[in-house]
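Peer 1: Take a look at this one; I'll ask things after.
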Amino acid sequence: MKVPCLLLVLFLFSNACTDQIIGPSADYIPVTDLSKYNMKIIPVPPTSADNVRLVIYDDCQYNILSGVTKNGYTISIEKHFNSMMKLPCMLRNDTIVMGKLPVGTYSVNYKLLDLSTQVKDPVALAISFNLLISK
């Protein structure tokens, strides 16, 4: 059985997935590479008339959306969990609504944070990508 890369990050906090971007200083990845992180932007391609959404496939149900912040052409999405709770991971798909966006290129920053006081680095996963919204 194939275990999704995101689950390995959540449970092991190791470098089991060599293509993951971990840490607070995430590099930009192409929006086409989001599938490596079990993510997808819909619709494809997004326009200014669309309600843009980020879908996270096979996300643990205990990863809670902390907020979606829009500041100019930067969108920050933050989710959190607490590894000290030792909850079982029940997989589900999560859809995060970014809304209708004006034409432009947006920098989207996604972070998954561990609220546990026992971890050295609270950032379990951090990725950033550019999102082009056309007319």
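Peer 1: If r is the Cβ-Cβ distance from THR47 to LEU115 and R0 is 25 Å, what FRET efficiency results, to the nearest 0.05?
Peer 2: So the FRET efficiency works out to roughly 0.10.
Peer 1: As an exercise, use a Förster radius of 22 Å and the Cβ-Cβ distance of VAL123 and ILE64 to find the FRET efficiency, rounded to the nearest 0.05. Could you put the intermediate results ahead of the total?
Peer 2: On the way: r = 16 Å, r/R0 = 0.71.
After rounding to 0.05, the efficiency reads 0.90.
Peer 1: Report in % the part of the accessible area of the stretch 69-135 that belongs to carbon and sulfur, leaving out ligands and nucleic acids; probe 1.4 Å.
Peer 2: Working: 2110 of 3750 Å².
Within the stretch 69-135, the accessible surface is 56 percent carbon and sulfur.
Peer 1: Modelled label-to-label distance, THR105 and LEU132, 7 Å Cα→beta-carbon offset: nm?
Peer 2: 0.8
Peer 1: Please give the FRET efficiency for LEU87 paired with LYS36, using the beta carbon to beta carbon distance and R0 = 25 Å, rounded to the nearest 0.05. Mind showing how you got there, number by number?
Peer 2: Values: r = 25 Å, r/R0 = 1.01.
After rounding, the FRET efficiency stands at 0.50.
Peer 1: Among the lysines, which have Cα under 29 Å from the Cα of LYS100 when same-chain residues fewer than 8 positions away are ignored?
Peer 2: LYS36, LYS40, LYS70, LYS79, LYS111, LYS135
The values are calculated or read from the model by the stated rules, or taken from the named source; none is laboratory data. Quick caveat: nothing in here was measured; it's all calculated off a predicted structure. Because the Cβ atoms are built from the backbone with ideal geometry, glycine has one as well, and the counts that use them run over all protein chains shown. What goes into the accessible areas is simple: the full protein's heavy atoms, side chains included, and nothing from ligands, DNA or RNA. Shrake-Rupley method; radii C 1.70, N 1.55, O 1.52, S 1.80 Å.
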